[in-house]
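One structure, pasted below without further comment.
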Amino acid sequence: MKNLRIVYMGTPEFAVAPLGSLLMNGYNVVSVVTAPDKPAGRGRVVKKSAVKVFAESNYLPILQPENLKNQVFIERLKRLNADVFIVVAFRMLPEVVWRIPQKGTFNLHASLLPQYRGSAPINHAIINGETATGVTTFVIDEKIDTGNILLREEVPIFPFENAGDLHDKLMKYGARLVIKTLEGIAEGSLKPQPQSNFMMPGEILKPAPKILPENCIVTWNKKPHSIHNLVRGLSPYPCARSYFKNEQRTLSYKIFESQPENAEHQYEPGQVLSDGKKFLKIACRGGYIEIMNLQLEGKSRMSTEEFLRGFGIAEFSKIIN
């Protein structure tokens, strides 16, 4: 089993733990495929992917193709004579790539497939108020996240968890599931099953598309828990966003942490309420959202109390005691 020749494909932090688990368990990773280095940030400094940094520190051979259909890249993959390709948070592979290894190519996905197919399953699960999600390994096919399932493991989502917390938890569960999947492949004990076998009658599939900037804007005429789940599902990145407005100016801010409150009131959705010292609430439909942690555009992240000490909220809000 440990003699299986493995090519590992991944790019972000989520893909580091499974790769580390493979090495810790003595598997033979013959090469790592990751995204090319790219300029990032305001200084446009060239940045390596998290997987590349980890691979370099463990002296693993690295491939960084710009084009996955490039013939030189494909020939290099074939010469590696790999038994299996493992894909975690990488690009969609062309068929000419995923058909190369004798024992196939499998992907780790951060949801209980077939639910939450797409690039942002962690965010969307929390935004939709789910109390459980999971990790799935599946055989790659021609479409995105639709291949036959190898293994799944359910993971609870706790009310206090945000997308960052859940990301870190699923990364650990996923690393273990990759090892279990490899063991099953080596033993020949896994029988891939169609994703339809895991659906309940009448179950509606929820997609998990990429989070766009417009998806981050808070709509204040929604109910408190719906807005709170949006904040959780987008924290710590890219964050839910809103604005402090008056007749003179508009200031954008991110919300990192909130608390929902159900209550009857007469305020318009979006009305900012504060005592000017310790609390900051926004009226919404059927209650309030209390902001616990935020960041003004161009400023540092801070607690509400720190924010109120240094910012003249009175000109944007109704001050209440």
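Taking the Cβ-Cβ separation of Val96 and Gln266 as r and a Förster radius of 56 Å, what is the calculated FRET efficiency to the nearest 0.05?
That pair, Val96 with Gln266, gives E of 0.30.
Also, I was wondering about something else. At 0.36 nm per residue, minus the direct Cα-Cα distance, what do Arg42 and Glu154 gain on full extension? Give it in nm, one decimal, please.
36.4 nm
Let me ask something else about it. Going by Cα centres, the stretch 95-143 and the stretch 1-44 are how many Å apart?
17
Now a separate question. Under 5 Å between amide H atoms, partner at least 5 residues away or on a different chain: which partners does Thr133 have, H built in plane at 1.01 Å?
Here Val155, Ile157 satisfy the definition.
Work out how much length Asn221 to Tyr237 would gain on full extension: take 0.36 nm times their residue separation and subtract the Cα-Cα distance, in nm to one decimal.
Additional length available on full extension: 3.4 nm.
Running a GNM on the chain with Cα contacts under 10 Å, which residue among Lys191, Lys38, Lys180 ends up with the highest mean-square fluctuation?
Per the Cα network of the chain with a 10 Å cutoff, Lys38 tops the list.
Right, next: Skipping prolines and chain starts, which residues have an amide H placed within reach, meaning under 5 Å, of the one on Leu60, given they are 5 or more residues away or on another chain?
none
Sort the stretch 213-319 into rounded, prolate or oblate with this rule: let a ≥ b ≥ c be the square roots of the eigenvalues of the Cα gyration tensor; rounded if a/c is under 1.5, and if a/c is not under 1.5, prolate when a/b is larger than b/c, oblate otherwise.
rounded
For Lys299, list the lysines whose Cα falls under 23 Å from its own Cα; do not include residues on the same chain fewer than 8 positions away.
Straight-distance partners of Lys299: Lys245, Lys254, Lys277, Lys278, Lys281.
Checking a compactness column here: for the chain, what do you get for Rg(Cα) / (2.2 N^0.38 Å), N being the number of residues?
The value comes to 1.17.
Would you kindly derive the ³J(HN,Hα) couplings of the stretch 292-308 from the backbone phi angles with the Karplus curve 6.51 cos²θ - 1.76 cosθ + 1.60 (θ = phi - 60°), listing them in order in whole Hz, with x for Gly and Pro?
9, 8, 8, 8, 6, 4, x, 10, 8, 5, 7, 6, 4, 4, 5, 4, 5
Related question: Could you sort the peptides 68-76, 2-10 by per-residue average Cβ neighbour count (10 Å cutoff), highest mean leading?
Most protected by this proxy first, the peptides run 2-10, 68-76.
Using +1 on the beta carbon of Lys and Arg, -1 on that of Asp and Glu, and nothing else charged, what's the dipole of the chain about the Cα centre, debye to 20?
Roughly 760 debye for the chain.
Continuing with the same structure: Under 5 Å between amide hydrogens, which residues at least 5 positions from Met9 or on another chain qualify, with H placed 1.01 Å from N in the peptide plane?
Sorted by chain and number, the residues that satisfy this are Val33, Ile86, Val87, Val88.
Quickly estimate the mean residue ellipticity at 222 nm for the chain, helices only: each DSSP H run with n ≥ 4 gives -39500 (n - 2.57), and the total goes over all residues, rounded to 500.
Mean residue ellipticity, 222 nm, calculated: -7500 deg cm²/dmol.
Show which lysines lie in cross-link reach of Lys180 when reach means a straight Cα distance below 20 angstrom and same-chain residues fewer than eight apart are skipped.
Lys2, Lys103, Lys169, Lys172, Lys191
Now, a different point. Could you give the length gained on full extension between Arg309 and Ile62, defined as 0.36 nm per residue of separation minus the Cα-Cα distance, in nm?
Between Arg309 and Ile62, full extension yields 83.9 nm more.
Could you tell me what fraction of 2.2 N^0.38 Å the Cα radius of gyration of the stretch 1-119 comes to, as a two-decimal ratio?
Expressed relative to 2.2 N^0.38 Å, the Cα Rg reads 1.06.
Testing the spin-label approximation: label points 7 Å from Cα along Cα→Cβ at Asn3 and Asn197. State their distance in nm.
Taking the two extended label points, one gets 3.0 nm.
While we're looking at this one, here's another question. What FRET efficiency comes out for Asn246 versus Asp275 if R0 is 22 angstrom and r is the Cβ-Cβ distance? Round to the nearest 0.05.
In this case the efficiency is close to 0.75.
Values in this text are rule-based calculations from the coordinates and carry no lab data. None of the values given here were measured: they were computed from a predicted structure. Positions of Cβ are generated from backbone atoms using ideal geometry, with glycine treated the same way; all protein chains shown enter the neighbour counts.
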